[in-house]
Amino acid sequence: MNIIDIIAKKRDSKELETEEINYFIAEYTKNRIEDYQAAALIMAIYINGMTYRETKDLTMAMANSGDILDLSELGTNVVDKHSTGGVGDKVTIILAPLIASLDIPVAKMSGRGLGFTGGTADKIESIPGYNTEISEKEFINNVKNIGISLITQTLNLAPADKKIYALRDTIACTESIPLIASSIMSKKIASGANKIVLDVTCGFGAFMKNINDARELSKTMIEIGKLANRETVCVITNMNEPLGFAVGNSLEIIEAIEFLKGNMPEDLKQVVLELGAYMVKLAGKGENINENKEKLLGNIENGKAYNKFIELVQNQGGDIEYVRDINKFKKAEIIREVKSTNEGFVQEINAEEIGKLSCELGAGRKTKNDKIDLQVGIVLNKKIGDFVSKGEKLATIYANDIEKALETETKLLAIYKIGKDEIKEKTILDIIE
Ligand code: URA
C-alpha cells in the first residue's frame, strides 16, 4: 500500500477501503508518513467528505492508535460527556459531581484550552493544589472509592487524533464533519465509556455555525456510536453568546461553585439539566427525562452535589477552603467595569469574539506551551434579551495589564450589539438520539 495512491483516491472523491484508512493512521502515528502527505489527505477529506463507513473506520483506527482504557470494573453502564467546544463552558465541572451525587460513576478526562475555547483541566486547576495529572490506577481507584475523578489527558489515548488535530489547525481544516466526528468519538471510545452524551454546540462560538450542520454532525457521531457499540445521544445547544456569565479560568470555577450552591444562571442551568438528564437515562437510572431533571435539581437543593464536589477536590489534593469561601481566590489586579453607551435590548454578544478577548487578556493559550493567567477574563452582566440603560454596567473586565484592559473595553463595547427589538434565544436547540 502506498500513501500517494490513497491521497489520489480521496482527491478524486473515491471511497477509501478500511485497510487504506488503517494504513494511513498506523503509519502516520509512527511518523512514517510525512506531515505534508497527511495534510494533503486531510484536505482531500475536508473537500470531498467521507461516508459513514469511512468515518467509522477512521474513528476506530484513531481510537486504536494508542491505549484503550478499560472501565468495565466500574459497572456495565459507564457514561461520559463531551462538548464540541464553546466559550464560558463550565458544564463538566458542575455536571461531574452532580451525576456522581446520584451514585453514577464519573471517570472524566478533560482537555486543556487551546485557541479561543477554554479547557476544563485548566479551569479546575485554579483551585490551589488540585492535581489533574494522576496515574490511570489512581484515577480508577478514586472512582471506585468516592464515585468520581476528574483528570486531564495524560494517558496515551488516541495519539493519532492529537497529531491530526494539531495538523488540521494549521491547514484550515477544523470545520469538517467527518474530521470532527472521528476526532471526538475516537477519544471517547479510547476513554472507555460505553454510553456517551454529547453537547453539540451551535452558533458564533462553535465549530458548527448553523443548526443543519449541527444536526448532521450529531447524526454522524450517533451512527459511529452505533457501529462501535456505544449508545450516543446529542444535545444541540446554543453557543451564540457565552454560556453563563463568566469567561476565564478561576472566574468560571467560581461560577461553577456558586451554581452547585444553588445560584444557577438560566442558560447554564438548562444545559446542565438537559445533558445530565440524558446521562442519568443512559446510565439506566431513569427513563423519564423530566423526572431526571427533578432528581438533579433535588441534589443541588439538598447540597449533595456541592458536597460531592468538595469530596472530589479534597481527594485530588485541592484546597477545599477555596470552595467554601470563593473570596479566597486571588483576584486580578485590574477590575474594570464596562458601561453601556446606548440604551435598548442586547441583541448579540458574539461568543467567539468574547473568547478571543479573554484569550488576549491571558486566559487562553495561543500555542500549546503558553502559560495561562488563571485570574483574568470577563464577567458579563448583561446577556442577550436583557434591557440596558445608558451608563449601566454591561460587563466587568479582570486583567493584569492596564493596556490590555483598556483595549478589551473598547472591543467589548463593539461586540455588544444593542437595539430596539427584544430578542429571545433558545438554549436547547434540538435532541438527536
Ligand atoms: N473537539 C475535538 O476534540 N475535536 C474536534 O475536531 C473538534 C472539537
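The values are calculated or read from the model by the stated rules, or taken from the named source; none is laboratory data. Worth saying up front: this structure is predicted, and the values here are computed from it rather than measured. Neighbour counts are summed over all protein chains in view; Cβ atoms, including those assigned to glycine, are modelled from backbone coordinates with ideal geometry. These area figures cover heavy atoms from the full protein model, side chains too; ligands, DNA and RNA do not enter into them. Shrake-Rupley method; radii C 1.70, N 1.55, O 1.52, S 1.80 Å.
Looking at ILE177, ILE189, which is the one that is open to solvent by less than 10 Å² (accessible area, probe 1.4 Å), of a type in the set (Val, Ile, Thr), in contact with a Ser or Thr (Cβ under 8 Å, 6 or more places away or on another chain) and closer than 19 Å to ILE224 by Cβ?
On the way: ILE177 fails: open to solvent by less than 10 Å² (accessible area, probe 1.4 Å).
The conditions single out ILE189.
Quick check on segment 117-142: of everything there that is assigned to a helix (DSSP H, G or I), of a type outside the set (Lys, Arg) and open to solvent by 10 Å² or more (accessible area, probe 1.4 Å), which residue is nearest to the ligand (Cβ to nearest atom)?
First, pick out the residues of segment 117-142 that are assigned to a helix (DSSP H, G or I): 120-124, 136-142.
With the extra rule that they be of a type outside the set (Lys, Arg), the set shrinks to 120-122, 124, 136, 138-142.
From what is left, the residues that are open to solvent by 10 Å² or more (accessible area, probe 1.4 Å) are 120, 136, 138, 140-142.
Numbers: THR120: 12, GLU136: 20, GLU138: 24, ILE140: 23, ASN141: 27, ASN142: 24 Å.
My answer is THR120.
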- Hits in segment 282-312 - residues which are charged (D, E, K, R) and out of contact with any Lys or Arg (no Cβ under 9 Å at 6 or more places or on another chain): GLU291, LYS293, GLU294, GLU301, LYS304, LYS308, GLU311
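Residues ASN64, ASN77, ASN22, ASN31: which one is surrounded by fewer than 20 Cβ atoms within 10 Å (Cβ to Cβ) and in contact with a strand residue (DSSP E or B) (Cβ under 6 Å, 6 or more places away or on another chain)? Walk me through how you get there before you give the answer.
Values: ASN64 fails: in contact with a strand residue (DSSP E or B) (Cβ under 6 Å, 6 or more places away or on another chain); ASN22 fails: in contact with a strand residue (DSSP E or B) (Cβ under 6 Å, 6 or more places away or on another chain); ASN31 fails: in contact with a strand residue (DSSP E or B) (Cβ under 6 Å, 6 or more places away or on another chain).
Being surrounded by fewer than 20 Cβ atoms within 10 Å (Cβ to Cβ) and in contact with a strand residue (DSSP E or B) (Cβ under 6 Å, 6 or more places away or on another chain) holds for just one of ASN64, ASN77, ASN22, ASN31, which is ASN77.
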- Would you check which residues across segment 168-184 are aliphatic (A, V, I, L, M) and either near the ligand (Cβ under 9 Å from one of its atoms) or closer than 12 Å to THR220 by Cβ (or both) and list them? ILE177, LEU179, ILE180, ALA181, ILE184
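Would you be able to say whether some residue in segment 248-255 is within 30 Å of TYR398 (Cβ to Cβ), within 16 Å of the ligand (Cβ to nearest atom) and buried (at least 22 other Cβ atoms within 10 Å of the Cβ)? Walk me through it before giving the result.
To start, the set of residues in segment 248-255 that are within 30 Å of TYR398 (Cβ to Cβ) comprises 248-255.
So of that shortlist, the ones also within 16 Å of the ligand (Cβ to nearest atom) come out as none.
The answer is no, given that none of the residues of segment 248-255 is within 30 Å of TYR398 (Cβ to Cβ), within 16 Å of the ligand (Cβ to nearest atom) and buried (at least 22 other Cβ atoms within 10 Å of the Cβ).
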- Query: How many of the residues in segment 327-358 are assigned to a loop (DSSP other than H, G, I, E, B) and more than 26 Å from the chain's Cα centre (by Cα)?
  - Reply: 5
- Item | Any chance GLU241 is at negative phi and part of a helix (DSSP H, G or I) | no
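Looking at LYS261, LYS269, which one is free of Cβ contacts under 8 Å to residues at least 40 places away in the same chain and not small (Gly, Ala, Ser)? Lay out the reasoning, then the answer.
Working: LYS261 fails: free of Cβ contacts under 8 Å to residues at least 40 places away in the same chain.
Every option except LYS269 fails the conditions.
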- Message: Among the residues in segment 226-246, are any open to solvent by 10 Å² or more (accessible area, probe 1.4 Å), among the charged types (D, E, K, R) and farther than 30 Å from SER176 by Cα?
- Response: no
- Message: Condition check: without any contact (Cβ under 8 Å) to a residue 60 or more places away in the chain and among the polar types (S, T, N, Q). Does THR92 satisfy that?
- Response: yes
